[in-house]
1. Of LEU228, LEU484, LEU295, LEU452, how do they rank once you tally other Cβ atoms within 10 Å and put the fewest first?
2. Calculate, in nm to one decimal, what ILE43 and TYR359 gain on full extension: separation in residues at 0.36 nm each, minus their alpha carbon distance.
3. For a quick check: sort ILE130, ILE439 by the number of other beta carbons within 10 angstrom, fewest at the front.
4. Could you pull the Cα extents of the stretch 335-409 along its three principal axes, largest to smallest, in whole Å?
5. Run the quick spin-label model on LYS146 and THR383: label points 7 Å from Cα toward the beta carbon, then report their separation in nm to one decimal.
6. Using Cβ counts within 10 Å as a stand-in for footprinting exposure, how do PHE448, PHE220 rank, fewest first?
7. At a temperature of 25 °C and a viscosity of 0.890 mPa s, determine how fast the stretch 420-503 diffuses translationally according to Stokes-Einstein, using the Kirkwood radius over alpha-carbon pairs as Rh; express D in µm²/s, rounded to the nearest whole number.
8. If R0 is 25 Å, what FRET efficiency do you get for SER251 and MET272 from their C-beta distance, rounded to 0.05?
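Each value in this text was obtained by applying a stated rule to the coordinates, not by laboratory testing. Note that the structure is a prediction, hence the values are computed from the model and not measured. No Cβ is skipped: glycine too gets one built from the backbone with ideal geometry, and neighbour counts run over all protein chains shown.
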Amino acid sequence: MMMRGLRMVGGHTDDAWDIASNSDPEMLLSTIDDATRWVQERIEGKSSKALDALVLDPDGAVCTWVKPEDADPTMLDAAISEGPVEHDPDDLEPIAHNGVSERLPRLPRELDFEPLSSEQTSTGAREAIIAVPDVPGRLLKDALDKQGIRPGRFTTIWHALCTAWDPGIGSASDAQRIVSSDAPICSIIAIDPIDARMIWAWSREGQLICAGSVRLRRVFDEHEPRVLVRQTDIARLCADWLGWSSQLGISPSRIVVLGEPTTHEVEEDTPMSEYPLDPGQLGTMLTQRWPNATLDLMGEPDPIGATLRKIAQQERCAAMGSLSGLADRPTRAHRSMFRWAGLALTGAACVVLLLGLQYMNRTNTIKQETRSIEMQQTEMLRTYDPDLMLSPAPVWDLESKRSEITRSSTLITVPKPKPVIKALETVSFVVGAPGIEIINFSINNRTFTLQLRVDEVAQAEQVFQSLKSIDDTLLEWYSMNPQLKANRVEATYLARWADTGEAGS
């Protein structure tokens, strides 16, 4: 894995830093340091040290399809980590190949697997993934982060092409009154003369669906390199598109071509399929191979640079897709947070340890005090009754002895008698009036019940009021129950002894 160079594109700047082709791949770390210094020099003096995006070149990256259940990055990394299958030449059994691992670069732990949006494809179709060798990107992110330079987004040229050139990227957000719409699928083709390749990507509303690249033949003229696009290149491109259409169940209805393919003199015996195409012939060929698709030809001599400039000058960078592996890689801020969290946990552990030591010392002190109290109790029991030391239940024996002592020391008291005679004398002053006949009365420790026979209910009530109005502290009259019997009234009066303490004893 090696790094070929850097290119920094802004609204009005375009700087490039190339690495010698004969550089040693083993010196990748020193190359990353040189690249970091180059970036730092370019942004030195600016108010912000942030970069809008770090865009990776798709050279070495692969976009392929898998089953939806196989789109997990962990499973994909495990599939390529198994290595090539060894096969005995004398073995008659066929080799069992893993279809996914055969289509991916064998770079375990060096690839960033990114499943693409399955919402843009038909139901039940395969799911597209991209595998990007991002080791230089990881090292460059770490080196930039040490210098305080933080890219806002980590992505690829494929994502950038979709964001910059898809005509339908703003249609869904601008048409606010449209209830429902089906954004067309657009295919963007970038003919890169610098690296002699044709980079393509399918997009819907700026979201990458699938992508790929085709190598082209390069020729050199007096000023700058040119690339030749031949019929075989278009045929190979359309063959890839047919494969993707069959797997995803969709196809582009609009094609945007960026670049300026050039023509070149060829020998007379060269087959027609090897003849280079000019822009017009290229458009005709694409229209024939992919009918019913709208074609836009944009003469950009530097499609990659134009894409980066368009991203830098527009606000579309926020909607551009990113590589989650690089974006989620911890930075200096994360490491600082982890260090502070570790220090906080260490401090908490020290506090817990100190509290534990204090509790341990307190526990030892309590144990010593408990043993001292037990020794004192044992000595007291030995002094009081030595037999208690041999008893299997000394507590019960002590309880029985305490009960015996309590019973022997308790005085028997006789409750004070009620002043019955005095109460009868007091009541007689009321019931001695003419027309009042005593039927019965009963007295106990709590109540005094009196039954009288009078002529009228009013007389019975007058007797009750008279009993209640007696000014003494012996009885409290609280109830009267008159009943009519044989033309006379029998009334029952109830009273309680005023001294309730004595009554309850």
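1. So the residues, fewest neighbours to most, are LEU484, LEU295, LEU228, LEU452.
2. Full-extension gain reported as 107.9 nm.
3. ILE439, ILE130
4. 81, 22, 22
5. 8.0 nm
6. Lowest to highest Cβ neighbour count: PHE220, PHE448.
7. 189 µm²/s
8. It comes to 0.40.
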